[in-house]
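Below is one structure, written out as structure tokens, with a few remarks after it.
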Amino acid sequence: MTEDVSTAPSDEGGQQKGYNRQPIVSVLGHVDHGKTSVLDLVRSIGSERQASVMNREAGGITQHIGATEVPADVLNETCKEMMRGRKFKSPGLLFIDTPGHHSFISLRNRGGSVADIAVLVIDIMSGLQPQTIESLNILRSTKTPFVIALNKVDRIHGWNTQRGRSFIESLQHQNKNTVELFEERYWKFLGVLSEHGFNAERYDQIKDFRNNVALVPMSAKDGEGLQDLLTVTVGLAERFLDARLTDTLGPSEATVLEMREEVGMGKTIDVILYRGSLQVGDQILLAGEDGPFLTHIKGLKRPKGMSEMRDAGKRWVDVDEVQAASGVKIVAPELEKTIAGTTLHLANTVEDEERARQSLSEEWREIFDNMPLMCQTCKSVVQRRDFTQHTSEGTCRGAVEEKDGVVIKADTVGGLEALAHELLKLKIPVRQATVGAVNKKDIFMAQSATNPLNKVILGFSTKANADAERLFESAEDVHYISGAIIYHILEQFEQWREETQRQLEAEQRDNLVYPGKLLYLENHTFRQKNPAIIGVRVLGGRVHVGQKLMSLDGTSLGQVRSLRTRDSEDVKEAKQGDEVALALQGPTVGRQINELDEFYVDIPERHASRLRKIELTARESEILEEITKLHRKNDHYWGR
């Protein structure tokens, strides 16, 4: 390594100098590139190894942020070969395992604001994938420093791995052909990465870590290269993030990862404390569905050893105080109201409480602004924050927002943002987005949508409460889709929309009133009134039972009650050239209608524009224009 990224040892007394907290590391990457496998490998070096997190996640994809603390003694022991006897200054590392599906851009962004440094896991065999590129763009926009873990070197033909071995040592033990295969993929990867504006280099060949992204080849599956990754990550954080890591003074803040019920504890919240400290007895302000609420800390618990926060089980240690940065479980009253993904604020004083309420208000405004809206003028979907700009441009000047849209629910704010983001890409407007279980209000909101394709509730990692489940049994006009993986929800949603659209089109074809023109045949009066039964010939178009007729001057005549052929067969419809006996409720023969009169089928105005979009016969199109001209004598905009 040309430039040493390790740091000086601690002082003789073993006290850490210049660091108030451990670095927070966010793990990102494309689906199946090995993010969670990397974290599992990190967790496996502890004395208390737990079952794989990845094996329990829905679909093998991490759907909620989790946190794992790696203490300094574990880091130093694992990396002693690379550190050559020196010690890290940091009291450890706090890993955040971020969700793996590409739709979690918002949640990654939220996590990125907390993370000091990131590890971007990339499969050396697959290279840059859509989610990888999205991750790179987020890291660039949030200015988060990162290290690339070039994973799955074990898949290179002939590569031999050894658990615990560093990449540098491993490379020296590979045969010539295998090294050439590695070099070929490595240089190809660097070329593609540079096309996206990133200069990267293998960590042992970098001269200036400020201008190049450090790249660490490894195999998370076989446990090779981990000490390289940890050494580079901690070394960069300690060398270049000193001010950030010591900036822990001021009002305490934490990100709420999850609200869950623990046996013997009741409702608890898992949080990442990234600023300040928390003590038992502190008053805290949290975000709830009905707004911010105050509560007080009754207990603080830390995961024991290398346990992951979601999997600590009974492995919890009670503490009186925690300092940033750390993952901690909080026991307090009324935590069931907490919305995961929001910020926890210390509020021991009136001033702290006022500042916290203002901060949470701004946080909710940001979430609200990210929701997709539809423009009534051009029917495009944009984020609420961009709507003012959108309506001031081009043909959309003066446009107003569409009040229609789907209803979405999630168990966390991050999940809600992620689902909304994916719907924005599909140009689907969101009418209401809230955190928590699906309730009756959500169903009523979905029912009130004017567009049948928006009468749906999409629930991510949340369920319907008892009242809503009962209501769903009778609410046939509202469709409910839920699941633990966003892209499964979106697949079901798109299938439902396609099926619903086909049904609507079929119904519209069946119910659409087509143009028609009839002749009242001479000597074909079978009954004068109640209803009048007369013989007619369809001169063009068609006539259907239930439709209304009007005279050539636009006077409404009545409704068709029945149609019967010369063979006395009742039919629903008669087309051009057919002669049928027609029962017409309303007029009286000799008064409103007479033999040899011609009638039009009276087309509802809302059907006129739809008729112009479908394939009509030449005669039907001609009759439609005649009817349109007749109506536009009284209403210039009729049928437009």
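None of the figures in this text is laboratory data; all of them are computed from the coordinates on show. Predicted model only: the values in this text are computed from it and were never measured. As a convention, Cβ positions derive from the backbone with ideal geometry for all residues, glycine included, and neighbour counts pool all protein chains shown.
At-a-glance table
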{"read-out": "Listed pairs LYS529/LYS572; LYS455/LYS629; LYS267/LYS455; LYS89/LYS329; LYS35/LYS440; LYS440/LYS548 exceeding 30 Å between Cα atoms", "value": "LYS455/LYS629; LYS267/LYS455; LYS35/LYS440; LYS440/LYS548"}
{"read-out": "Rg and Dmax [Cα atoms of the range 253-364; Å; Rg one decimal, Dmax integer]", "value": "13.1, 38"}
{"read-out": "Distance between modelled label sites at ARG385 and TRP638, nm, 7 Å Cα→Cβ extension", "value": "5.0"}
{"read-out": "Dipole magnitude of the range 253-364 about its Cα centre (Cβ charges: Lys, Arg +1; Asp, Glu -1), debye to nearest 20", "value": "540"}
{"read-out": "Computed FRET value (nearest 0.05) for ASN465 with TYR487, which takes r as the C-beta separation and R₀ as 30 Å", "value": "0.70"}
{"read-out": "Over the range 403-510: Rg over Rh, Cα atoms, Kirkwood Rh", "value": "0.96"}
{"read-out": "Principal semi-axes in Å for the range 159-277 [√(5λ), Cα gyration tensor, largest first]", "value": "37, 21, 14"}
{"read-out": "FRET efficiency, ARG239 to ARG84 (Cβ-Cβ, R0 22 Å, nearest 0.05)", "value": "0.85"}
{"read-out": "Spin-label model distance (nm) - SER568 vs ASP290, 7 Å beyond Cα toward Cβ", "value": "7.2"}
{"read-out": "Values of log10 I(q)/I(0), in the order q = 0.13 Å⁻¹, for the range 516-632 under a Debye, Cα-only, solvent-free model", "value": "-0.45"}
